[in-house]
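> Below you will find the structure I want to go over with you.
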Amino acid sequence: MIATARRVLWQIRRDRRTVALLVGVPVGLLVLLRYVFASQPSTFKHVAPPMCGLFPFTLMFLVTSIAMLRERTSGTLERLMSLPLSKPALLGGYALAFGVLAALQAVVVCTVGFTLLGLDAAHGAWLVGVLAIGNALLGMSLGLFASAFARTEFQAVQFMPAIVFPQLLLCGLFAPRGAMSGPLQAVARAFPLTYAFDALSRATHPGRLGGSFVLDTAVVVGATLVALGLGAATLRRRTP
Amino acid sequence: MGRRVQARRPTLSAVTTIQIEHLRVVRGGRVVIPDLSLEVAAGRVTGLLGPSGCGKSTLMRSIVGVQVVAGGTVTILGRAAGDPTLRRDVGYVTQAPSVYADLTVTENLRYFASVTGAPPSRIGEVIAQVALQDAAGQVVDSLSGGQRTRVSLATALVHRPHVLVLDEPTIGLDPILRVELWQAFRELAANGVTLLVSSHSMDEAAECDDLLLMRKGAILAATTPAGLRASTGENDLGRAFLAVVRGSEA
C-alpha cells in the first residue's frame with residue numbers, strides 16, 4: 001500500500017503543472033468568489049467557508065478517475081493484476097497518495113480563506129480543513145468507482161458533470177434544501193455530498209455540533225468506504 | 001547446431017511447466033481459441049509463432065491468468081492459471097510496454113520490486129541485464145521505443161520468476177538489440193527459467209529450443225527448428241511455416 005502511494009506521489013510530483021493546478025485553482029476560485037460578491041460581503045461569508053471544504057471533493061473526483069483510467073488503458077493495471085498485489089493495497093495506496101494531496105490542497109485553501117479573505121468558522125478553520133480532506137477522499141473513492149465505467153478520457157471527464165454537479169446543486173449550497181420540492185429533497189438525501197455539506201455548514205455556523213454533525217460525518221465516511229468497496233469490485237484479475 | 005539429435009523429440013521433455021488442455025476463449029462474441037492443447041517444457045525457450053491476430057496474445061493472457069476463459073484447463077507449475085501463489089512465480093510482459101511513463105527507469109523498477117517483494121539489490125541487476133545503466137535515471141517518457149520495451153522486460157525479471165511469458169518482446173527493436181535480448185533469454189533458460197516468447201516474425205524461430213506454430217487460434221505444429229526443417233524439407237523457417245500452413249489446409 002505504501003509502495004503504491006509512493007509511486008502515485010512520485011508520478012504527480014513529476015507533473016508540476018498538475019500540482020500547481022491542484023493547489024492554485026481552488027484558491028483562485030475562492031478569490032474570484034470574493035469579488036463576485038464584492039457588494040454582498042455577508043453572502044460571501046456565508047457561502048465561502050463550506051466551499052473551502054467542497055473544492056477538494058470535485059477536484060479529487062476528476063483527478064482520480066483520470067489516474068485510474070490511465071492505469072487501466074496503459075496496461076499497467078493488467079500487469080499489476082498478474083502480480084502479488086492485493087486490490088485493497090492498490091486502492092489503499094491511491095487513497096493514501098490522494099489523501100496527502102487533498103491535505104495539501106485543504107491547508108492552502110483554508111489558510112487563504114480564513115486568514116487573507118477574512119472568513120470565519122464558528123468551530124475553527126481546522127475543522128473545515130479536516131472535513132475538506134474527508135470530502136476529498138469521498139470524491140476520490142467515487143472517482144475510482146466511476147472510472148470503471150469509462151473507456152476513454154472523454155467519457156471520464158463527462159462523469160464529472162454527471163455525478164458531481166447534481167450533488168453540488170442539490171446539497172444546499174446554492175439554495176436551501178428546505179425550499180426545494182419534496183422529491184428533490186428526497187433525492188438530495190440520497191446523495192453523500194448533502195451530508196458533507198451539512199457537516200461543513202454546522203462547522204462554520206455557531207451552535208452546538210451535536211449528534212447530527214457526528215451522523216453527517218459518519219455518512220460521509222460510510223459512503224467513502226462503500227465506494228471504495230465498489231471500486232475494488234470493479235477491479236478484475238481476469239478480463240474478457 | 002541444427003543437427004542436435006534431441007531436437008527431434010520435443011514432446012518427451014522431462015518436465016512440463018505449462019500444460020493446456022482443450023482451452024477455449026471467446027472475446028466479444030468471437031471464438032478466438034476454439035480448442036487448444038499444448039505443453040511447454042521446463043528450462044527451455046519456446047517460441048510461439050504465428051501471424052498477427054492468430055490468438056497469441058489471448059493464449060498468453062490465458063496462461064498468466066488475466067483472461068476470462070470459456071473452457072479447458074491451463075496448468076502452470078502444477079497449479080491452475082490464475083492461482084494467487086503463481087503471481088510470484090510467473091513474469092509477464094504485455095505487448096505494449098506497460099510501465100509508468102512519468103517515472104524514471106529506476107523508480108519503475110523500485111515500485112515493481114516492492115510489489116513483488118524483490119530485494120532492492122535486484123533493481124541494479126535487472127537494469128544491467130537489459131543494458132539500461134545509462135538511462136537508469138531517465139523518465140520512461142523520454143526513452144526510445146526499444147528502451148521502453150526493455151524497461152517493461154526488466155520489471156518482469158525483477159522478482160526472478162520461474163516462468164516468463166513474453167508477448168512480442170523484440171518487436172520494433174534494432175537487430176543488435178534483438179541479438180542481445182535473445183542472448184539474455186538463453187541465459188535465463190540456462191538458469192532454469194522457462195520462457196514462452198511470442199513473435200510474428202519467423203526470423204526469431206531459429207533462436208528457440210522449441211516451436212509452437214499457431215494460426216487461427218489453433219496450434220498447427222509443436223516442433224523444433226530442426227524438426228520443422230526436416231519435416232518440411234525447407235531450410236528457411238519462414239518457408240517451412242508456410243509449408244505447414246499449406247499442409248494443414250490441404
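The values are calculated or read from the model by the stated rules, or taken from the named source; none is laboratory data. Remember, it's a predicted structure, so these values are computed and weren't measured experimentally. Cβ atoms come from the backbone with ideal geometry, glycine included; neighbour counts cover every protein chain shown.
> Quick check on the range A:8-30: of everything there that is within 14 Å of another protein chain (Cβ to nearest Cβ) and aliphatic (A, V, I, L, M), which residue is nearest to the chain's Cα centre (by Cα)?
Among them, the one singled out is A:VAL19.
> Continuing with this model, one more query. Yes or no: A:THR217 at pLDDT below 90 and surrounded by 15 or more Cβ atoms within 10 Å (Cβ to Cβ)?
Numbers: at pLDDT below 90: no; surrounded by 15 or more Cβ atoms within 10 Å (Cβ to Cβ): yes.
No.
> Please enumerate the residues belonging to the range B:49-95 that are buried (at least 24 other Cβ atoms within 10 Å of the Cβ), assigned to a strand (DSSP E or B), β-branched (Val, Ile, Thr) and more than 9 Å from chain A (Cβ to nearest Cβ).
The answer is B:ILE76, and nothing else.
> Right, another one. Just to be sure before I move on: is B:GLU107 of a type in the set (Asp, Glu) and surrounded by fewer than 21 Cβ atoms within 10 Å (Cβ to Cβ) in the structure I sent? Step through it out loud before you land on a result.
Working: of a type in the set (Asp, Glu): yes; surrounded by fewer than 21 Cβ atoms within 10 Å (Cβ to Cβ): no.
It is false that B:GLU107 is of a type in the set (Asp, Glu) and surrounded by fewer than 21 Cβ atoms within 10 Å (Cβ to Cβ).
> All but one of (1) closer than 26 Å to B:ALA205 by Cα; (2) within 8 Å of another protein chain (Cβ to nearest Cβ); (3) not hydrophobic (A, V, I, L, M, F, W, C) hold for B:THR17, so report the exception by its number.
Condition (2) is where B:THR17 drops out.
Residue-wise test of (1) more than 19 Å from A:ARG237 (Cβ to Cβ); (2) modelled with pLDDT of 95 or more; (3) among the polar types (S, T, N, Q).
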| position | (1), (2), (3) |
| --- | --- |
| B:ARG3 | yes, no, no |
| B:PRO10 | yes, no, no |
| B:VAL15 | yes, no, no |
| B:GLU21 | yes, yes, no |
| B:PRO34 | yes, yes, no |
| B:GLY43 | yes, no, no |
| B:CYS54 | yes, no, no |
| B:LEU59 | no, yes, no |
| B:SER62 | no, yes, yes |
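> Working only within the range B:96-140, note down all residues that are among the aliphatic types (A, V, I, L, M), part of a loop (DSSP other than H, G, I, E, B) and within 9 Å of chain A (Cβ to nearest Cβ).
B:ALA96, B:VAL99, B:ALA101, B:LEU103
> Among the residues of the range B:174-199, count how many are part of a loop (DSSP other than H, G, I, E, B) and under 12 Å from the mean Cα position of the chain (by Cα). Before the answer, list the steps.
Step one: filter the range B:174-199 for residues part of a loop (DSSP other than H, G, I, E, B), giving B:174, B:191-193.
After this cut, where a residue has to be under 12 Å from the mean Cα position of the chain (by Cα) as well, the list is B:193.
The total comes to 1.
> Answer yes or no as to whether A:ALA102 is under 12 Å from A:ILE133 (Cα atoms), away from chain B (no Cβ under 14 Å) and in contact with a Cys (Cβ under 9 Å, 6 or more places away or on another chain).
Details: under 12 Å from A:ILE133 (Cα atoms): yes; away from chain B (no Cβ under 14 Å): yes; in contact with a Cys (Cβ under 9 Å, 6 or more places away or on another chain): no.
No.
> While we're looking at this one, here's another question. Hey, could you check the range A:227-240 for residues that are touching a residue at least 12 places away in the same chain (Cβ under 8 Å) and assigned to a helix (DSSP H, G or I) and say which is farthest from the other protein chains (Cβ to nearest Cβ)?
So the residue we want is A:ALA227.
> Another question about this same structure. Could you list, in sequence order, the residues of the range B:146-192 that are surrounded by 24 or more Cβ atoms within 10 Å (Cβ to Cβ), touching a Phe, Trp or Tyr at 6+ places or on another chain (Cβ under 9 Å) and of a type outside the set (Val, Ile, Thr)?
Within the range B:146-192, B:ALA154, B:ALA156, B:LEU166, B:PRO169 qualify.
> For the range B:29-48, which positions are basic (Lys, Arg) and either buried (at least 24 other Cβ atoms within 10 Å of the Cβ) or away from chain A (no Cβ under 14 Å) (or both)? Show your work before the answer.
Going residue by residue through the range B:29-48, those that are basic (Lys, Arg) are B:30, B:44.
Passing the criteria: only B:ARG44.
> Within the group A:LEU90, A:LEU85, A:LEU144, A:LEU131, which residue is part of a helix (DSSP H, G or I), in contact with a helix residue (DSSP H, G or I) (Cβ under 6 Å, 6 or more places away or on another chain) and within 12 Å of chain B (Cβ to nearest Cβ)? Steps first, answer last, please.
Working: A:LEU85 fails: part of a helix (DSSP H, G or I); A:LEU144 fails: within 12 Å of chain B (Cβ to nearest Cβ); A:LEU131 fails: within 12 Å of chain B (Cβ to nearest Cβ).
Every option except A:LEU90 fails the conditions.
> I've got another one for you. Examine the range A:46-67 for a residue that is within 21 Å of A:THR239 (Cβ to Cβ), in contact with an Asp or Glu (Cβ under 9 Å, 6 or more places away or on another chain), in a helix (DSSP H, G or I) and in contact (Cβ under 8 Å) with a residue 60 or more places away in the chain, and state whether such a residue exists. Walk me through how you get there before you give the answer.
Initial filter on the range A:46-67 (within 21 Å of A:THR239 (Cβ to Cβ)): A:64-67.
Then keep just the ones that are in contact with an Asp or Glu (Cβ under 9 Å, 6 or more places away or on another chain); that gives A:66.
This time we only want the ones that are in a helix (DSSP H, G or I), so: A:66.
Okay, now just the ones that are also in contact (Cβ under 8 Å) with a residue 60 or more places away in the chain, so A:66.
Yes, the range A:46-67 contains at least one residue that is within 21 Å of A:THR239 (Cβ to Cβ), in contact with an Asp or Glu (Cβ under 9 Å, 6 or more places away or on another chain), in a helix (DSSP H, G or I) and in contact (Cβ under 8 Å) with a residue 60 or more places away in the chain.
> Shifting gears a bit: Given B:LEU228, B:LEU195, which one is of a type in the set (A, V, I, L, M, F, W, C), touching a residue at least 60 places away in the same chain (Cβ under 8 Å) and in contact with a strand residue (DSSP E or B) (Cβ under 8 Å, 6 or more places away or on another chain)? Quick ask: steps written out before the conclusion?
On the way: B:LEU228 fails: touching a residue at least 60 places away in the same chain (Cβ under 8 Å).
Residue meeting the stated conditions: B:LEU195.
> Here are A:ALA48, A:ALA38, A:ALA5: which of them is more than 14 Å from every other protein chain (Cβ to nearest Cβ), buried (at least 19 other Cβ atoms within 10 Å of the Cβ) and of a type outside the set (S, T, N, Q)? Lay out the reasoning, then the answer.
Values: A:ALA38 fails: buried (at least 19 other Cβ atoms within 10 Å of the Cβ); A:ALA5 fails: more than 14 Å from every other protein chain (Cβ to nearest Cβ).
Answer to the selection: A:ALA48.
> A further question follows. Answer with yes or no whether A:PHE165 is free of Cβ contacts under 8 Å to residues at least 24 places away in the same chain and not in a helix (DSSP H, G or I). Before the answer, list the steps.
Working: free of Cβ contacts under 8 Å to residues at least 24 places away in the same chain: yes; not in a helix (DSSP H, G or I): no.
No: the conditions fail for A:PHE165.
> Give the residues of the range B:141-173 that are within 14 Å of chain A (Cβ to nearest Cβ), part of a helix (DSSP H, G or I) and either farther than 22 Å from B:THR104 by Cα or among the basic types (Lys, Arg) (or both), sorted by residue number.
Within the range B:141-173, just B:ARG148 meets the criteria.
> Could you run through the range B:219-242 and say how many residues are crowded, with 17+ Cβ neighbours inside 10 Å and not in a loop (DSSP other than H, G, I, E, B)? First the steps, then the outcome.
Of the range B:219-242, the ones crowded, with 17+ Cβ neighbours inside 10 Å are B:219-229, B:232, B:237, B:240-241.
When the remaining residues are screened for being not in a loop (DSSP other than H, G, I, E, B), the result is B:219-223, B:225-229, B:232, B:237, B:240-241.
Count: 14.
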